[in-house]
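See structure below.
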Amino acid sequence: MSKKLSEMTLQELWQLFPIVLCAPNGQWALWFQEECQILKSILPGNVQIHHIGSTAVPGIWVKPIVDILVEASSNDFSAIERALGQNAYLRMNAEAFRRDYNKGYTEDGFAERVFHLHLRTNGDHDELYFRDYLRACPGIALEYEKLKMSLWKLFEHDRDGYTNAKTEFVRLYTDHAKRLYGKKSW
């Protein structure tokens, strides 16, 4: 019998869930839409739900994980956490006004559909600037793909290292997008 995910060490989790990149898949937008409908049915009506991350950027190799940003009032966090917990989302990280959840992680590895949900307070959405900039600038999106490809095998079993190695690039273009777009409403 395999260990429960909650009993595994970080190293065991990274072995079970390595960094994997794959070619673009037109299904990711559909998966987001379907998951968005589920979330709308279980979350308070005043939340905003966005498709973020690399699967929201057409034409680049990415981890086959659909990232979802949920913006909500911090007063709704407890209710949202309960709803997510009752619908197969596992809380992976919790800070004062930020929570991260995974869905599609099993004791046997990744499910067919995998989601990372980022719960943030309203207006905490830098990911939207980065996403929109990559969508508008395919050349920068390809640079991002190239960076990710160069890090893939180096950090295959080290998610934190992989993420940290991308941080400077993401911050640079997020800041650029914020200057370019100004205060934007989605």
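The values are calculated or read from the model by the stated rules, or taken from the named source; none is laboratory data. Since the model is a prediction, treat every value here as computed from it, not as a measurement. Here the Cβ positions follow ideal geometry from the backbone for every residue, glycine too, while neighbour counts run over all protein chains shown. Protein only, heavy atoms only, side chains kept; ligands, DNA and RNA dropped before computing areas. Shrake-Rupley method; radii C 1.70, N 1.55, O 1.52, S 1.80 Å.
In table form, for the structure just shown:
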item: Residue, nearest to LEU180 (Cα to Cα), within the range 112-166, restricted to residues that are of a type in the set (Lys, Arg) and in contact with a Leu (Cβ under 7 Å, 6 or more places away or on another chain); result: LYS166
item: Filtered residues of the range 45-80 (kept if touching a residue at least 24 places away in the same chain (Cβ under 8 Å) and either at positive phi or in a helix (DSSP H, G or I) (or both)); result: GLY53, SER54, THR55, ALA56, GLY59, SER74, ASP76, PHE77, ALA79, ILE80
item: Identity of the residue in the range 155-186, surrounded by fewer than 12 Cβ atoms within 10 Å (Cβ to Cβ) and not basic (Lys, Arg), that ends up farthest from ASP132 (Cα to Cα); result: ASP160
item: Residue that is nearest to GLN15 (Cα to Cα) [pool: residues in the range 131-140 that are buried (at least 19 other Cβ atoms within 10 Å of the Cβ) and in contact (Cβ under 8 Å) with a residue 60 or more places away in the chain]; result: ARG131
item: In the range 14-38, the residues that are touching a residue at least 40 places away in the same chain (Cβ under 8 Å) and either basic (Lys, Arg) or under 29 Å from SER74 (Cβ atoms) (or both); result: TRP31, GLU35, ILE38
item: Qualifying position, being within 30 Å of ILE38 (Cα to Cα) and either among the basic types (Lys, Arg) or not in a strand (DSSP E or B) (or both), among PHE169, PHE130; result: PHE130
item: Some residue of the range 148-163 being out of contact with any strand residue (DSSP E or B) (no Cβ under 8 Å at 6 or more places or on another chain), closer than 22 Å to GLN27 by Cα and part of a helix (DSSP H, G or I); result: yes
item: Filter result for the condition that a residue is touching a residue at least 12 places away in the same chain (Cβ under 8 Å) and either within 28 Å of LYS3 (Cα to Cα) or within 13 Å of the chain's Cα centre (by Cα) (or both), over LEU90, LEU151; result: LEU90
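Let's see how each residue does on (1) within 25 Å of LEU5 (Cβ to Cβ); (2) open to solvent by 60 Å² or more (accessible area, probe 1.4 Å); (3) modelled with pLDDT of 95 or more:
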| position | (1), (2), (3) |
| --- | --- |
| LEU30 | no, yes, yes |
| ASP67 | yes, no, yes |
| GLU95 | yes, yes, no |
| TYR101 | yes, no, yes |
| THR106 | yes, no, no |
